[in-house]
1. Quick one: in the stretch 254-296, of everything that is surrounded by 14 or more Cβ atoms within 10 Å (Cβ to Cβ) and in contact with a Gly (Cβ under 6 Å, 6 or more places away or on another chain), which residue is farthest from residue 330 (Cα to Cα)?
2. Looking at the stretch 381-393, can you tell me whether even one residue there is assigned to a strand (DSSP E or B) and of a type in the set (S, T, N, Q)?
3. So which residues in the stretch 41-77 are under 18 Å from the mean Cα position of the chain (by Cα), assigned to a helix (DSSP H, G or I) and modelled with pLDDT of 95 or more, if there are any at all?
4. Evaluate the stretch 298-320: report whether one residue or more is without any contact (Cβ under 8 Å) to a residue 24 or more places away in the chain, within 30 Å of residue 185 (Cα to Cα) and either surrounded by 18 or more Cβ atoms within 10 Å (Cβ to Cβ) or more than 23 Å from the chain's Cα centre (by Cα) (or both).
5. Would you tally the residues in the stretch 203-221 being surrounded by fewer than 17 Cβ atoms within 10 Å (Cβ to Cβ) and of a type in the set (Lys, Arg)?
6. Could you list, in sequence order, the residues of the stretch 157-178 that are touching a helix residue (DSSP H, G or I) at 6+ places or on another chain (Cβ under 6 Å), of a type in the set (Gly, Ala, Ser) and buried (at least 24 other Cβ atoms within 10 Å of the Cβ)?
7. Of 124, 200, 151, which residue is closer than 28 Å to residue 263 by Cα and either of a type in the set (A, V, I, L, M, F, W, C) or crowded, with 19+ Cβ neighbours inside 10 Å (or both)?
8. Taking residue 339 as the residue in question, decide whether it is surrounded by fewer than 24 Cβ atoms within 10 Å (Cβ to Cβ), over 22 Å from residue 202 (Cβ atoms) and polar (S, T, N, Q).
Amino acid sequence: MQTTEDLLAGEVRGTRVLVRCDLNVPLDDNRTITDDGRIRASVPTLKALSDAGAKVVVVAHLGRPKGAPEAKYSLEPVVGRLSELLGRDVAFATDTVGESAREVVDGLGDGGVAVLENLRFNPGETSKDEAERGAFADELAALADAFVSDGFGVVHRKQASVYDVATRLPHYAGGLVTSEVEVLRRLTEDPQRPYAVVLGGAKVSDKLGVIANLLGTADRLLIGGGMVFTFLAAQGHEVGKSLLEAGQIDTVKGYLQDAKAKGVEIVLPTDVVVATAFSADADHEVVAVDAIPADRMGLDIGPESAKLFAEKLADCRTIFWNGPMGAFEMAPFADGTKTVAKALVDATSAGALTVIGGGDSAAAVRQLGFSDDDFGHISTGGGASLEYLEGKTLPGIDVLSD
């Protein structure tokens, strides 16, 4: 797999380089960026190319438009922040492969940077039809002389800007993709032990594959978030109005049996914070997991569980975490996530490899006041990280490996 370093080893001044970034950042109702982590992660590769005199053409998506322009999904707010972080002007094309894109790309000087409008405003980007996807990839490839894949958060998608365009241009893995893959390999190929995986988030069904695979790799699985209530139900506990995937109870029972047979420790909460409603103002209390009232919902692991989780992580040499422990956006239900984050910070200081698997976990630690530097690695791709740990082939990585 050739990398940006290989590209930069040659003469790139004046070369048009199409860079697939992941700029899918969260915006508030005023279209203000609330977490610029993915933009910051894209800067090193873009700056290196620009500094070397390449004409840098950035493509990315935002949100989930349905193959047509929607103002609320425009990448325009991202351009200003990217310009600030790069310390140079960034041009913006109001379409992706149309007249505006061609004019903006043609107008780039050596070292210039441009962002093209949301890829997903074009149906060909995500089409399942290879001919339609390929036609869009042809239009993208016509704007460049080389392709750099640096959007790790999308490498698990077989999409035009991730997969097909790489078959049409000389292609390279960007610094971000290279570093993400390197960290994930350390998690899957002979990790230092004890190796713990902390899983949270809403649905156990989103994590079934990765749980099954990790039962042959990890020493401990710590389960929190909304998904834990399916585990508790599998143990016969009442879970009230908590999130529950009843159709997965038998599957979870099988995992519990497999873990016991393989000597993998599954750590579940002993207490939870329950509330009368999904609201920061709702009445809430801490109860044991075998005493959840039928009219209440669990919204965080309890203080004893948080302490237990921290203890289970204290001696670990490798930790992967994906998914918050509760509804961290609301102060009454943030303590579990905060305690786990602090345990990872302590583990990092003690020399462990700590990896936060993107998505809500990354947003949570930043919202709760932690710095990216507090952890070994914060991934920019939650879904991609999980699929890698699940053992799946990632199309956007596979296509670069030739």
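1. Ranking the candidates gives 292 first.
2. Restricting attention to the stretch 381-393, the residues satisfying the condition of being assigned to a strand (DSSP E or B) are none.
No; the residues of the stretch 381-393 include none that is assigned to a strand (DSSP E or B) and of a type in the set (S, T, N, Q).
3. Those that are under 18 Å from the mean Cα position of the chain (by Cα), assigned to a helix (DSSP H, G or I) and modelled with pLDDT of 95 or more: 42, 43.
4. Step one: list which residues in the stretch 298-320 are without any contact (Cβ under 8 Å) to a residue 24 or more places away in the chain, which gives 311.
Subset that is within 30 Å of residue 185 (Cα to Cα): 311.
Of the ones still in play, those that are also either surrounded by 18 or more Cβ atoms within 10 Å (Cβ to Cβ) or more than 23 Å from the chain's Cα centre (by Cα) (or both) are 311.
Scanning the stretch 298-320, I find at least one residue that is without any contact (Cβ under 8 Å) to a residue 24 or more places away in the chain, within 30 Å of residue 185 (Cα to Cα) and either surrounded by 18 or more Cβ atoms within 10 Å (Cβ to Cβ) or more than 23 Å from the chain's Cα centre (by Cα) (or both), so the answer is yes.
5. Residues meeting the conditions: 1.
6. Of all residues in the stretch 157-178, those touching a helix residue (DSSP H, G or I) at 6+ places or on another chain (Cβ under 6 Å) come to 158, 160-165, 168-169, 172, 174-177.
With of a type in the set (Gly, Ala, Ser) added as a condition, the list becomes 160-161, 174-175.
Passing the criteria: 160, 161, 174.
7. On the way: 124 fails: closer than 28 Å to residue 263 by Cα; 151 fails: closer than 28 Å to residue 263 by Cα.
It is 200.
8. Details: surrounded by fewer than 24 Cβ atoms within 10 Å (Cβ to Cβ): yes; over 22 Å from residue 202 (Cβ atoms): no; polar (S, T, N, Q): yes.
Considered against the rule, which asks whether it is surrounded by fewer than 24 Cβ atoms within 10 Å (Cβ to Cβ), over 22 Å from residue 202 (Cβ atoms) and polar (S, T, N, Q), residue 339 comes out as no.
The values are calculated or read from the model by the stated rules, or taken from the named source; none is laboratory data. Here the structure is a predicted model, which is why all the values come from computation and not from measurement. All Cβ positions, glycine included, derive from the backbone under ideal geometry; neighbour counts span all protein chains shown.
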